[in-house]
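Novice: Mind looking over this structure? Questions follow.
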Amino acid sequence: MSLNSALVKQQVYINGAWADADSGQTIAVANPATGESIGTIPYCGRSETARAIAAAEAAFPAWKALTAEARADFMHKLCDAVMDQLDDLAVLLTTEMGKPLAEAKGEITLGVKYIRFFAEEGKRIYGDTIPSPWADRRILVTKEPVGVVASITPWNFPNSMIARKLGAALASGCTMVMKPAEFTPYSALIYGLVADKIGLPAGVLNIVTGDAPAIGEEMCENPAVRKITFTGSTRVGKLLAANAGKNMKKISMELGGNAPFIVFDDADLDRAANGAIASKFRNSGQTCVCANRFYVQAGVYDAFAEKLKSAMAEQLTVGNGLEDGVTQGPLINEAAVEKVAAHVQDALDKGGTLVTGGHRPDRTGTYFEPTLVTGASQDMKVAHDETFGPLAALFKFDTEDEAIKLANDTEYGLACYFYAQDLGRCFRVMEALQYGLVGVNEGVITTEVAPFGGFKESGIGNEGSKYGLDDYLNIKYSCLGGLGM
Ligand code: NAP
């Protein structure tokens, strides 16, 4: 399970060629489990980004002109090339991001499923004919790729966040410039390696790394870019949306969350405890759909807390993600550890009780123990701010209405979860929750066939599913006149 150094590509990919930054500057990339250096990446800015955009613009007409089947062939070959190296790519992802190897493999496999799904969905980009109000004219509706798409993605899913954008872009006939997160660039740059390997036409896919604000500005201001697709924090999403808006570009925004996880008194508590583990502690709590606030009905509060504590003890093991049996890798960096520690301390200062965890383990690397706090209240940071780490805080409630009100009391609206058995309650609560994704008696619900998108400040647009192509397409109305009828 050693790192395959051929996959650590330390250059950017522009117009089918590998390059350094114009300035020659680089940024270091380190393994969060050990602090050891993995390599460097070019510190590019606007000029390299402009060249990547120009390459994508030049490649667009020919890529658009291919049949959907020909584009799908390229996409399936790209997926085959990824799957051929799954084990090595998983080691690379774990080494730069920290998540356990099994999760890394799962993420890459899901990324491939997104690309394969869109490869086939691209063959179903149907148009329409509309009954004409004029006897001598006909109305046709067709869909066309928007053009060059620019993407910016985060470090927590360094492969699959890219895959679901890349799949939709390539299938719809768009070309792409992408900028991955500085902490996890190599899992993105491997797409350049596989593009080379399968002979993807130069310019269809370009990858730049470096100065995020400068790259973002070029993407938002360059007239050749017709769409910005972003996954990351709400703060940066708002900046990009405002800037893209000045030039009337299409946008898709997959932003932050603050997911409630509600356990009603008629819930199957064992199922709820297992769902809580999956939802809260996957990727050490660093997912945008992570349960952040656990609302538990008074009658089952103590029993659920006990079950969750036991499940945490039985199922969670902290360590280097490359080691067997580890389920909780390091957090991405020191700042992430400090944020979790601050949320824990704030909860304890405001009357919470520490049930388990609560500290940094005594080892090198940016680790934090899986933590359970009971007696949480709405004045705590964890109630309003995404912890993005392994802290489960349990709040108590009495009535269904109260739970819904508390769950919706946030500017976010990405994912939410609840556990209940009564069918009427399931429908009432499902319909009342103001979230784009609702897990009913399920803690992990992401799949390429279903839409993924947030309400409120969690974003705009959807990724995955048949809806995931919409934002990459323009609708064109053509009126055929003079038909002489
Ligand atoms: P982030 O700070 O917003 O960074 C995300 C990306 O934006 C990175 O590539 C970053 O580049 C880039 N960036 C930062 N500042 C920028 C600027 N001024 N202009 C242009 N790009 C800029 O978020 P993060 O901390 O990496 O990721 C965690 C956040 O993402 C959480 O809030 C999480 O909920 C959210 N997320 C949402 C989803 C979803 O689907 N809704 C999925 C995953 C994560 P550098 O890395 O180079 O700084």
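The values are calculated or read from the model by the stated rules, or taken from the named source; none is laboratory data. Here the structure is a predicted model, which means the values were calculated and not measured. In this analysis, Cβ positions are derived from the backbone assuming ideal geometry, glycine residues included, and neighbour counts consider all displayed protein chains. With ligands, DNA and RNA removed, areas are computed over all heavy atoms of the protein, side chains included. Shrake-Rupley method; radii C 1.70, N 1.55, O 1.52, S 1.80 Å.
Novice: Scan the range 1-44 for residues that are assigned to a strand (DSSP E or B) and touching a Ser or Thr at 6+ places or on another chain (Cβ under 7 Å) and report the count. Give the derivation first.
Specialist: Taking the range 1-44 as the starting set, the residues that turn out to be assigned to a strand (DSSP E or B) are 12-14, 17-19, 26-30, 37-42, 44.
Those still in the list that are touching a Ser or Thr at 6+ places or on another chain (Cβ under 7 Å) too: 12, 26-30, 38, 40-42, 44.
Number satisfying all stated conditions: 11.
Novice: Every residue in the range 147-177 that is within 16 Å of the ligand (Cβ to nearest atom) and either farther than 18 Å from Leu110 by Cβ or hydroxyl-bearing (Ser, Thr, Tyr) (or both), please.
Specialist: Val149, Ala150, Ser151, Ile152, Thr153, Ser160, Met176, Val177
Novice: Looking at the range 243-286 only, could you name the residues that are within 11 Å of the ligand (Cβ to nearest atom), open to solvent by 10 Å² or more (accessible area, probe 1.4 Å) and assigned to a helix (DSSP H, G or I)?
Specialist: Asn243
Novice: Residues to consider are Ala335, Ala383, Ala303, Ala341; find the one that is more than 26 Å from Gly256 (Cβ to Cβ), aliphatic (A, V, I, L, M) and part of a helix (DSSP H, G or I). Step through it out loud before you land on a result.
Specialist: Numbers: Ala335 fails: more than 26 Å from Gly256 (Cβ to Cβ); Ala383 fails: more than 26 Å from Gly256 (Cβ to Cβ); Ala341 fails: more than 26 Å from Gly256 (Cβ to Cβ).
Just one listed residue meets the conditions, Ala303.
Novice: Here are Ala407, Ala403, Ala393: which of them is within 30 Å of Gly329 (Cα to Cα), touching a strand residue (DSSP E or B) at 6+ places or on another chain (Cβ under 8 Å) and in a helix (DSSP H, G or I)?
Specialist: Numbers: Ala403 fails: within 30 Å of Gly329 (Cα to Cα); Ala393 fails: in a helix (DSSP H, G or I).
From the options Ala407, Ala403, Ala393, the qualifying one is Ala407.
Novice: I would also like to ask the following. Scanning for something more than 25 Å from Lys250 (Cβ to Cβ) and either without any contact (Cβ under 8 Å) to a residue 12 or more places away in the chain or more than 15 Å from the chain's Cα centre (by Cα) (or both), does the range 120-128 turn up at least one residue?
Specialist: First pass over the range 120-128, keeping only residues more than 25 Å from Lys250 (Cβ to Cβ): none.
Within the range 120-128, not a single residue is more than 25 Å from Lys250 (Cβ to Cβ) and either without any contact (Cβ under 8 Å) to a residue 12 or more places away in the chain or more than 15 Å from the chain's Cα centre (by Cα) (or both).
Novice: Considering only the range 178-211, state which residues are of a type in the set (A, V, I, L, M) and more than 10 Å from the ligand (Cβ to nearest atom).
Specialist: Here is the first cut: in the range 178-211, the ones of a type in the set (A, V, I, L, M) are 178, 181, 188-190, 193-195, 198, 200, 202, 204-205, 207-208.
Listed by number, the residues that qualify are Leu189, Ile190, Leu193, Val194, Ala195, Ile198, Leu200, Ala202, Val204, Leu205, Ile207, Val208.
Novice: Which residues, counting only those in the range 37-95, are open to solvent by 60 Å² or more (accessible area, probe 1.4 Å) and in contact with a Gly (Cβ under 6 Å, 6 or more places away or on another chain)?
Specialist: Answer for the range 37-95, where residues must be open to solvent by 60 Å² or more (accessible area, probe 1.4 Å) and in contact with a Gly (Cβ under 6 Å, 6 or more places away or on another chain): Tyr43, Ala58, Lys64.
Novice: Same structure, new question: So for the range 386-393 (the condition being buried (at least 21 other Cβ atoms within 10 Å of the Cβ), among the acidic types (Asp, Glu), within 16 Å of the ligand (Cβ to nearest atom) and not assigned by TED's automatic domain parsing to the domain that holds Asn274), does at least one residue qualify? Please lay out each step first, then the result.
Specialist: Residues of the range 386-393 that are buried (at least 21 other Cβ atoms within 10 Å of the Cβ), as a first pass: 386-393.
Now drop any that are not among the acidic types (Asp, Glu), which leaves 386.
Still in the list and also within 16 Å of the ligand (Cβ to nearest atom): 386.
Checking the rest, the ones that are also not assigned by TED's automatic domain parsing to the domain that holds Asn274 come to none.
No; the residues of the range 386-393 include none that is buried (at least 21 other Cβ atoms within 10 Å of the Cβ), among the acidic types (Asp, Glu), within 16 Å of the ligand (Cβ to nearest atom) and not assigned by TED's automatic domain parsing to the domain that holds Asn274.
Novice: Using the structure shown, decide if Leu239 is within 6 Å of the ligand (Cβ to nearest atom), touching a residue at least 60 places away in the same chain (Cβ under 8 Å) and either more than 17 Å from Val149 (Cα to Cα) or crowded, with 20+ Cβ neighbours inside 10 Å (or both).
Specialist: no
Novice: Starting from the range 1-26, take each residue that is at pLDDT below 95 and list its partners that are of a type in the set (Val, Ile, Thr), counting only C-beta distances under 8 angstrom and pairs at least six apart or across chains.
Specialist: From the range 1-26, the pairs are Met1/Val91; Ser2/Val91.
Novice: Report the residue count in the range 349-376 for those that are farther than 12 Å from Pro390 by Cβ and surrounded by fewer than 15 Cβ atoms within 10 Å (Cβ to Cβ).
Specialist: Final tally of qualifying residues: 6.
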